[in-house]
Ligand code: SF4
C-alpha cells in the first residue's frame, strides 16, 4: 500500500496548496455562515461555543449560546449557578457533555478567575473538555497561531482532495496532520501575527495588508472556511462538487466525473 503521507503531499504540491487556499477563501468571503461566537471578543464564550458544538449542529447551538452568554459573562458567574447552566444546556441533550462543561466552568473560574484571558504560554489542553480540535480553534483565534483545527468533517475534505478513503480515525494520522499543517503554514505565510493581539478582526497592519488579505491569511478564518465548506458543500453524503470551489483540485470529484 502506498505511503499515505507521501500520497497526500505528492497530490497536493505547494503550488496546489496555495491555489486551494486562494479558491477556498474567495468562496468563503461570499458564503460564510454568521454565528455570534465567530465575532465574540470574549474567550470564555468562544470556548463554551466550541464545547457546545461538539456533536451538535451550529443552528441548534445558536439559540442556546445566546441565552448562555446573556446570563453569564464569565466563568465565575456561571460557576455560581450550576443549576441555571444545566437548565440552559439541557435542550442540547448529551447530559454527559453538559456535566463536563460544568467541570470546565469550575476549572476556568478557579484557574483564570482574576485574569481577563489565558496567555500564549498557557496549555489550554489542561482545561477539561478542551481537546486538540478546540485547542487549535482557540489558539488560532486568541493568539493568531497557525494551527489547523481538524475534526472529522475537515478530515473528510482532505481525504477527498487526495483521493484517500475516509474513516473516523484518519484525523489522528500523521500524513493528515503533516498535510493540514503544511497547508496552514503556507496559507498564513503572508499574515502578520504581531498585529493580532486577541479575538476579533485583525487591526490594520503596518505592512498595509488589505482587509481581504488579512482575513484570507488569518488562521481562525481559514479554520472557519473549512468548517463551512464541509457543512455547505462537502457533506458526508452527496457532496455538491459542481458548486465547490475546490473541484478542480479534488481527486474525489475527478473520480465522480469519470464514473
Ligand atoms: S469537489 Fe466535492 S468532494 Fe471535493 S472538496 Fe469539493 S465538495 Fe468535497
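Below is a table of values for the structure above.
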item	result
Inter-label distance, nm, simple model (7 Å from Cα along the C-beta direction), residue 56/residue 13	4.6
Using alpha-carbon coordinates, inclination of helix 58-71 to the longest axis of the chain, degrees	30
Among 237, 58, 13: highest mean-square fluctuation, GNM of the chain, C-alpha pairs under 10 Å	237
Packing rank of 161-167, 212-218, where each peptide gets the mean count of other beta carbons within 10 Å, highest leading	212-218, 161-167
Isotropically averaged projected area of the stretch 36-128, using the convex hull of Cα atoms (one quarter of hull area), nm²	5.7
Extended-chain gain in nm, criterion 0.36 nm per residue less alpha-carbon gap, residue 117 and residue 81	10.9 nm
For the stretch 140-190: Kirkwood Rh in Å [reciprocal of mean 1/r, alpha carbons]	11.4
Among 160, 73, 147: highest mean-square fluctuation, GNM of the chain, C-alpha pairs under 10 Å	73
Against the rule of thumb 2.2 N^0.38 Å, how large the Cα Rg of the chain comes out	1.04
Computed over the chain: relative contact order in percent, which uses C-alpha pairs under 8 Å that are six or more apart	25
Within the chain, helix-based [θ] at 222 nm, where runs of 4 or more DSSP H residues each add -39,500 (n - 2.57), nearest 500	-17000 deg cm²/dmol
Tilt relative to the chain, helix 95-112 - C-alpha long axis, 0 to 90 degrees, to 10	70
Centroid-to-centroid separation of the stretch 23-48 and the stretch 215-256 [C-alpha atoms, Å]	16
Highest to lowest packing among 43-50, 132-139, scored as the average C-beta count within 10 Å	43-50, 132-139
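Computed from the coordinates by the stated procedures, all read-outs in this text should not be read as laboratory data. Please read these numbers as outputs of a predicted model, since none were measured by experiment. Heads up, the Cβs are rebuilt from the backbone with ideal geometry, glycines too, and the neighbour counts pull from every protein chain shown.
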